[in-house]
Amino acid sequence: MLANYHTHTPRCNHAVGSEREYIENAIKKGFKILGFSDHTPQPYPPEFHSNIRMEMNEVEDYTNTLEKLRDEYKKDIEILIGYEVEYTREYFSYLLDYLNQYPLDYIIQGQHFVPNEVHGFYSGAETLDENKLKAYVDCTIEGMKTGYFTYLAHPDLINYAGPTKIYRQHMKRIVQASVDLNIPLEINMQGFFLNRNYPSDTFFSLASSMGAKFVLGCDSHNPKDVLQPEDIPDFVEFLERNNITYGDNIIDLRPI
Ligand SMILES: [Zn+2]
Ligand SMILES: [Zn+2]
């Protein structure tokens, strides 16, 4: 794995370590591209406070810090400046205009809340409600269709614990959208080693059988978690049993 596009910083209030430490670990681990994609700030109403993301006024320091480091480390690694962004119908276009005032290489979509964090639900909370599964799929596809996202992070974040048949029936729409729109699906390495509900065998076996393309994402919230697939016990086996392989359906080093 030569590129990782999913890296956080302490600005999101639930990651640790300096940008420099993430970069140095990535170099040590043999990466050629390290993309920072901290949780985007969101232009929520002033009375609503999110404690899992930077504030809007931190964008300048985030991008300044990364620009300096990009220059300092340019001989060893390519640094990209991005964000992990929830698509929200209400706030998305304002947010993009705001982020675009600063250096920006890419954004990835991570649909943590549906339809948004202010009036919605958290996708990762276990649920038996098919309506939530459907709402997650609808909202995610609406975001994918904007054309702004480089890839879809943890596409299987939704924690639906009902019948597999119903799960597949809805989730195959996300896979189809990824194939039709040519948006790769991320296999989230942090979710794997933390034993979360994602990445899911049910989802990724379906996705590979439908011809989707994949990106591996560290989703590092700690510099030591900038890892290669073989550093994570059983992860390579997860890829193999879901027919996901380098040289076939994994996209690694690629232009953005
Ligand atoms: Zn996070
Ligand atoms: Zn993330």
In the range 30-54, how many are more than 15 Å from residue 73 (Cα to Cα), part of a loop (DSSP other than H, G, I, E, B), under 20 Å from the mean Cα position of the chain (by Cα) and among the charged types (D, E, K, R)?
1
Cβ pairs under 6 Å, 6+ apart, first in the range 12-36 and more than 16 Å from residue 65 (Cβ to Cβ), second among the hydrophobic types (A, V, I, L, M, F, W, C) and more than 16 Å from ligand 2 (Cβ to nearest atom):
27/77; 32/2
Go through the residues of the range 87-103 one by one and say whether even a single one is within 20 Å of the chain's Cα centre (by Cα), crowded, with 17+ Cβ neighbours inside 10 Å and within 25 Å of residue 250 (Cα to Cα).
yes
Output the residues belonging to the range 125-149 that are farther than 24 Å from residue 181 by Cβ, in contact with a Gly (Cβ under 9 Å, 6 or more places away or on another chain) and not in a helix (DSSP H, G or I).
127, 128, 129
Given (1) within 14 Å of ligand 2 (Cβ to nearest atom); (2) of a type outside the set (Ser, Thr, Tyr); (3) open to solvent by 60 Å² or more (accessible area, probe 1.4 Å); (4) not in a loop (DSSP other than H, G, I, E, B), index of the condition residue 20 fails:
(1)
If I ask for residues that are hydrophobic (A, V, I, L, M, F, W, C) and assigned to a strand (DSSP E or B), which ones from the range 1-17 would you list?
3
Kindly indicate whether residue 50 is modelled with pLDDT of 95 or more and farther than 20 Å from residue 224 by Cβ.
yes
Taking helices (runs of 4 or more DSSP H) that do not extend beyond the range 150-256, which have at least 3 residues that are open to solvent by 10 Å² or more (accessible area, probe 1.4 Å) and within 16 Å of ligand 2 (Cβ to nearest atom)?
189-193
Pick out the one residue from 84, 58 that is within 16 Å of ligand 1 (Cβ to nearest atom), in a helix (DSSP H, G or I), open to solvent by less than 90 Å² (accessible area, probe 1.4 Å) and not aromatic (Phe, Trp, Tyr).
58
May I ask you to say which residue of 114, 118 is in contact with a strand residue (DSSP E or B) (Cβ under 8 Å, 6 or more places away or on another chain) and either modelled with pLDDT of 95 or more or surrounded by 21 or more Cβ atoms within 10 Å (Cβ to Cβ) (or both)?
114
Taking the conditions exactly as written (open to solvent by 60 Å² or more (accessible area, probe 1.4 Å) and either away from ligand 1 (no atom under 13 Å from the Cβ) or within 30 Å of residue 250 (Cβ to Cβ) (or both)), does residue 11 satisfy them or not?
no
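The values are calculated or read from the model by the stated rules, or taken from the named source; none is laboratory data. Here the structure is a predicted model, which means the values were calculated and not measured. Every residue, glycine as well, gets a Cβ built from its backbone with ideal geometry; the counts of neighbours run over all protein chains shown. Just the protein is used for accessible areas: all its heavy atoms, side chains included, with ligands, DNA and RNA removed. Shrake-Rupley method; radii C 1.70, N 1.55, O 1.52, S 1.80 Å.
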